[in-house]
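Undergrad: Starting off with a structure, shown below.
The values are calculated or read from the model by the stated rules, or taken from the named source; none is laboratory data. Fair warning: this is a prediction, and the values are worked out from it, not measured in the lab. Note: ideal-geometry Cβ built from the backbone for every residue, glycine included; neighbour counts use all protein chains shown. To get the accessible areas, we keep the full protein, side chains included, count just its heavy atoms, and leave off ligands, DNA and RNA. Shrake-Rupley method; radii C 1.70, N 1.55, O 1.52, S 1.80 Å.
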Amino acid sequence: MFRLSFALAAVAVLTLINVYTYRRFLRRVELFARLGKGMMWGTIVVTLCEILYFAVLRLDTLNPLLFGLFSSLVGISFMLFCVAIVYDLVHVPYAKIPHDYSRRLFLKTVLDVTMLLLAFSYMFKGFINGFKAPVLNEKEVFIDGLSETLSIVQLSDVHLGKSLGKAFLDDLVLRINSLDADIVVITGDLVDMPVSKIGDQLESLRTLKSRFGVYFVPGNHEYFYGVHTIMERLEALGVTVLKNRSVLIDGRINLVGVTDMMGKRFDFLPPDLPQAFLHVRNDLPTVLLSHQPKIVQDLTDEKVDLIISGHTHGGQIFPFGLLVLLDQPYLSGLYRHSARTQVFVSNGAGYWGPPVRVMAPSEIATLRLKAKV
């Protein structure tokens, strides 16, 4: 039911976005207006492609090239919608210019050309950034009671399967192995495909190196494709799954992991903080792994020094992050939630949907935990 509701909502929103963009931008710009009904039919075709994209999103039946094309159209629709809003806003002062045909025509031409350049630059830069290799994001995190420095490398939101494949993950593993991490954590949305169809794309995880192990917590997308079978596959590859439980790392910190909050909606394998914290040592710092940063809203008496999350993609396409903040308390980077608790949210290494990123570069995060002086 959730998948159907999401698909219907997405289709409805995209249809409205495309109608608005056509009526308020494309139809009013002279270059596009000359196409007449061709532009209208083009908008209809794009909308139908996007409807098909969401109709088969979870079925894995769409050709990979068509999947890439249709998902790119979703990104283009959103970016053109943002440009259309700016175009409309700029028209407010333009409409107040004293009536003079030649002056109005000149200013409209300047405005149209400016908006077209903005739209092209926005989309071009977005796709270029989307296909770039993840950057290395290093952060120092100061924690009370830490006996010595620990480095945690975080991999999140790879979304392996439909667009990104084995070569992408293999490269991520090579880069992580060069970072000499004490701990490697994978904070969900690793795959976007059932284990039965993913083949050997995860095999390079066997070679992930760190001093004290590799740990995983599931994200919401794992629930769409069989969370139990995915966790079993990762365990077989040597990755430790923290399914509402904790481990002690070298007698220095508690590492706690919870399942995703999507489990509450599915009423299946929900996050269980009391169970997860059952065996933590209260005299040691505690790091909590949770795919969604809003797990912080469920904390009660649990003593947590650092929460490591993903899920938001940093908004992926600015200004979409403003909508993400309606659901999540934090978007990207390191935050101070309380006197004791800090939250780090990764932009993620991959992307979901369109291969586009604007002001939210994909990343591999290295968190250097240091004792607070």
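Undergrad: If you take every residue apart from residue 144 with its C-beta less than 12 Å away from the C-beta of residue 144, what net charge results, scoring Lys and Arg +1 and Asp and Glu -1?
TA: Combined, the nearby Lys, Arg, Asp and Glu give +2.
Undergrad: Please report Rg over Rh for the chain, where both radii come from the alpha carbon positions and Rh follows the Kirkwood definition.
TA: 1.04
Undergrad: Could you compute how much accessible surface residue 114 exposes when probed at 1.4 Å, giving the result in Å² to the nearest 10?
TA: 70 Å²
Undergrad: Let me ask something additional. Taking loop as defined by DSSP and a crowding limit of 13 other beta carbons within 10 Å, which chymotrypsin sites (Phe, Trp or Tyr not before Pro) in segment 230-323 fit? Mind showing how you got there, number by number?
TA: Details: sites: 266, 268, 277, 320; in loops: 268, 277, 320.
Loop-located and lightly packed - 268.
Undergrad: If you count only protein heavy atoms and use a 1.4 Å probe, how large is the accessible surface of residue 132, to the nearest 10 Å²?
TA: My reading of the accessible area for residue 132 is about 110 Å².
Undergrad: So, one more: Could you tell me the accessible area of residue 330 in Å² (1.4 Å probe, neighbours in place), rounded to the nearest ten?
TA: 30 Å²
Undergrad: With charges only on Cβ, +1 for K and R and -1 for D and E, what is the dipole size of the chain about its Cα centre, in debye, rounded to 20? Please report the intermediate quantities before stating the final value.
TA: Details: 37 positive and 33 negative charges, 279 e Å.
The calculation lands at about 1340 debye.
Undergrad: Multiply the residue separation of residue 132 and residue 16 by 0.36 nm, subtract the distance between their alpha-carbon atoms, and state the gained length in nm to one decimal.
TA: Fully extending the segment from residue 132 to residue 16 adds 38.7 nm.
Undergrad: Let me ask something additional. Once the cut-off is 21 Å, how many percent of the Cα-Cα pairs in segment 216-359 end up in the long-distance tail?
TA: Here the long-distance tail beyond 21 Å is 44 percent of all Cα pairs in segment 216-359.
Undergrad: Sorting 298, 144 by accessible area (1.4 Å probe), largest first, what list results?
TA: So, going from the largest accessible area down, we get 144, 298.
Undergrad: Further question on the same structure: With axes computed from alpha carbons, what is the tilt in degrees of helix 166-177 against the longest principal axis of the chain, rounded to the nearest 10 within 0 to 90?
TA: With both axes taken from Cα atoms, the answer is about 50 degrees.
Undergrad: Return the whole-Å distance between the Cα centroid of segment 154-179 and the Cα centroid of segment 105-121.
TA: The two parts, judged by their Cα centres, are 40 Å apart.
Undergrad: Take the residue pairs 139/294; 132/209; 132/162; 139/162; 139/372; 139/166 and return only those whose Cα atoms are more than 19 Å apart. Don't jump to the answer; show the numbers that get you there.
TA: Numbers: 139/294 21 Å; 132/209 24 Å; 132/162 17 Å; 139/162 31 Å; 139/372 14 Å; 139/166 28 Å.
From the list (139/294; 132/209; 132/162; 139/162; 139/372; 139/166), the Cα-Cα distance tops 19 Å for 139/294; 132/209; 139/162; 139/166.
Undergrad: Turning to a different aspect of this structure: P(r) of segment 117-187 in 5 Å steps, Cα pairs, percent per bin?
TA: 3, 11, 18, 19, 15, 12, 9, 7, 4, 1, 0
Undergrad: Report in % the part of the accessible area of the chain that belongs to carbon and sulfur, leaving out ligands and nucleic acids; probe 1.4 Å.
TA: Roughly 64 percent of what the probe reaches on the chain is carbon or sulfur.
Undergrad: Roughly what % of DSSP beta bridges within the chain run antiparallel, to the nearest 5?
TA: 30 percent
Undergrad: Turning to a different aspect of this structure: Tell me the label-point distance for the pair residue 23, residue 113, using the 7 Å Cα-to-Cβ offset, in nm and rounded to one decimal.
TA: If labels sit at residue 23 and residue 113, their model points lie 3.0 nm apart.
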